[in-house]
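The values are calculated or read from the model by the stated rules, or taken from the named source; none is laboratory data. From a predicted model like this one, the values you see are computed outputs, not experimental measurements. In this analysis, Cβ positions are derived from the backbone assuming ideal geometry, glycine residues included, and neighbour counts consider all displayed protein chains. Ligands, DNA and RNA are stripped out before the accessible areas are found, and what is left, the full protein with its side chains, is counted by its heavy atoms. Shrake-Rupley method; radii C 1.70, N 1.55, O 1.52, S 1.80 Å.
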Amino acid sequence: MPQEQYPHRSTMQTSEGPQVYKVGIYGWRKRCLYFFVLLLMILILVNLAMTIWILKVMNFTIDGMGNLRITEKGLKLEGDSEFLKPLYAKEIRSRPGNPLYFQSARNVTVNILNENTKVLTRLVTGPQAVEAHSQKFEVKTLSGKLLFSADDNEVVVGAERLRVLGAEGTVFPKSIETPNVRADPFKELRLESPTRALVMEAPKGIEINAEAGSLKATCRTELRLESKDGEITLNSAKIKLPNLPQGSSSSAGSRQKIYELCVCPNGRLFLSQAGSSSTCQINTSVCL
């Protein structure tokens, strides 16, 4: 009875056999995966192409980048270079035979520091002036001869000749020491002190020579020629003293124009009308 009621049960078990399950991604998931893999490959190729392009444009090589080359002695720059930040270097030089240019929109400052980063020497080249800050400033020739030196105590000019080309000359607020002062050929030499005295001193002697012209000394108050141990010599074919004071005439009726040169005890010179004997004693009132 039971077998008759369920005759189909054994038939289903024998007719189906073993079942097989498939493993993997199918359908729209598989298509999305292929799409992302393809997109990743495209990005990798674009990234690789951009990297190669940047290397080509920047000129990257095993020796350096662009105009920058790495050598055994340091860095080598070819062409124009621009530095936006401070540059620290032990030595900067150009290629042999080529000049070295420093260019800036405002100024170029060169500082020399000590161990404590304190500025010892500074050179500033600006749009209006060139300034040098140091304890001493020197200019020398290639052979080492001193041409110019300046410090807090003195300024030394070591050249054989110092030429001043200004139209108004040169102003020296204090003294000047030099073995020779002369003008250019066919030019006038003028030594002037508008508001003070002009003093010329020398341990051995002072020579004033005008070979092709005249010599003129003008002052408002006194012109003094002083020699402590020697003498003053006026050597000329003619010596004129046109504005010397004159003493009173010895005789009212005399019309002669011959005068005697007299000297007062204080050194003052005056003229006295000549007579048969000296008339200087008669006109001593001029010396008062």
Original post:
In region 113-121, is there at least one residue being polar (S, T, N, Q) and on the phi > 0 side of the Ramachandran plot?
Top reply: yes
Subject >> G230 being in contact with a Gly (Cβ under 9 Å, 6 or more places away or on another chain), under 27 Å from C287 (Cα atoms), open to solvent by less than 100 Å² (accessible area, probe 1.4 Å) and in a loop (DSSP other than H, G, I, E, B) >> reply: yes
**OP:** Output the residues belonging to region 100-158 that are open to solvent by 100 Å² or more (accessible area, probe 1.4 Å) and farther than 30 Å from T178 by Cβ.
**Re:** Y101, F102, Q103, A105, R106, E115, N116, T117, K118, P127, Q128
**OP:** Please indicate, with yes or no, whether at least one residue in region 201-215 is free of Cβ contacts under 8 Å to residues at least 60 places away in the same chain, farther than 30 Å from L165 by Cβ and assigned to a loop (DSSP other than H, G, I, E, B).
**Re:** yes
Subject >> Test result for A183, modelled with pLDDT under 90 and farther than 30 Å from E78 by Cβ >> reply: yes
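Residue-wise test of (1) of a type outside the set (G, A, S); (2) within 23 Å of N209 (Cα to Cα).
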| residue | (1), (2) |
| --- | --- |
| Q128 | yes, no |
| S134 | no, no |
| F137 | yes, no |
| A150 | no, no |
| P173 | yes, no |
| A183 | no, yes |
Subject >> Exclusive hit being at pLDDT 80 or above, open to solvent by 100 Å² or more (accessible area, probe 1.4 Å) and under 16 Å from L269 (Cα atoms), set K216, K240 >> reply: K240
Subject >> Test set (1) outside any helix (DSSP H, G or I); (2) more than 19 Å from the chain's Cα centre (by Cα); (3) not aliphatic (A, V, I, L, M) - T51 fails condition number >> reply: (1)
Original post:
Any idea how many residues of region 195-248 are over 24 Å from Y259 (Cβ atoms) and of a type in the set (A, V, I, L, M)?
Top reply: 11
Original post:
Would it be correct to say that K56 is assigned to a loop (DSSP other than H, G, I, E, B), within 28 Å of R95 (Cα to Cα) and either out of contact with any helix residue (DSSP H, G or I) (no Cβ under 6 Å at 6 or more places or on another chain) or at pLDDT 75 or above (or both)?
Top reply: no
